[in-house]
Amino acid sequence: MRTALSDRMNSAIILGFFLSGFVLCHFAARFFVPALMFAKHKQPVAFSHEIHGVEVEISCDTCHFFYEDGSWSGIPTLDVCAECHSELLGESEAEEKLVKEYVEKDKDINWALYFRQPQCVSFSHSSHVRRARLACETCHGPQGLSGNEAEYLINRITKYTHVIYDDESSNSPGTIMQKKKKNVWGTMGMDECAACHWARGTSTACFICHK
């Protein structure tokens, strides 16, 4: 009798430890691990794509353009910004910071890159935009309509970055870990690139992207 009771108590204790461990692991995987894996960063100047692209009706290629040799300009240099912002045009704090702290002092803006690729990847904007005629939104999502530059998150291990454009989703590692892909944009991984190539009948051979 005592042996049976002791066995049931031992089983209950083991089950309790198991359930406690399960809850603890679930909590860590959902909250603690993502917080360790990702770091948040802000841009040095609050830039609004919405004001420039929608209200002022500036096209993407005004600031992000191709040089005559076909190479990609990438992030706009200070000279590009200064063409319009040599002096204050409005009353926003962001523009005042841009003009006072950067344009007037001829100080380069250290923009953070949302979509930096690993060194082993060779990506050509010319091939994708000029030859394949892909729209910017295909890879970059609705960034061109963003009102304010959201904090972006960078994976401490892979160095891949992620931006969340969704008012209903929190700008947190948890959103990324839950794989809400329609709301999360950032560095294009190999799966996304390969899927796009397959859909368009383009080669997925290793040497196409890895030089």
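Key figures
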read-out	value
Selection count where residues are in contact with a strand residue (DSSP E or B) (Cβ under 7 Å, 6 or more places away or on another chain) and modelled with pLDDT of 75 or more, scope segment 142-161	7
In segment 31-79, residue surrounded by the fewest Cβ atoms within 10 Å (Cβ to Cβ) [restricted to those that are among the aromatic types (Phe, Trp, Tyr), farther than 28 Å from HIS128 by Cα and touching a residue at least 24 places away in the same chain (Cβ under 8 Å)]	PHE31
Close pairs from segment 82-109: first part of a helix (DSSP H, G or I), partner aromatic (Phe, Trp, Tyr), Cβ under 8 Å, at least 6 apart	ALA94/PHE47
In segment 98-122, the residues that are closer than 26 Å to LEU153 by Cβ and surrounded by 14 or more Cβ atoms within 10 Å (Cβ to Cβ)	LEU98, TYR102, ILE109, TRP111, ALA112, TYR114, PHE115, ARG116, GLN117, VAL121
Residues being modelled with pLDDT under 65 and assigned to a loop (DSSP other than H, G, I, E, B) - total across segment 173-211	6
Restricting segment 123-140 to residues that are more than 17 Å from the chain's Cα centre (by Cα) and not in a loop (DSSP other than H, G, I, E, B), the residue that is surrounded by the fewest Cβ atoms within 10 Å (Cβ to Cβ)	ARG131
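The values are calculated or read from the model by the stated rules, or taken from the named source; none is laboratory data. Just so we're clear, the structure is a prediction, and the values are computed from it rather than from any experiment. In this analysis, Cβ positions are derived from the backbone assuming ideal geometry, glycine residues included, and neighbour counts consider all displayed protein chains.
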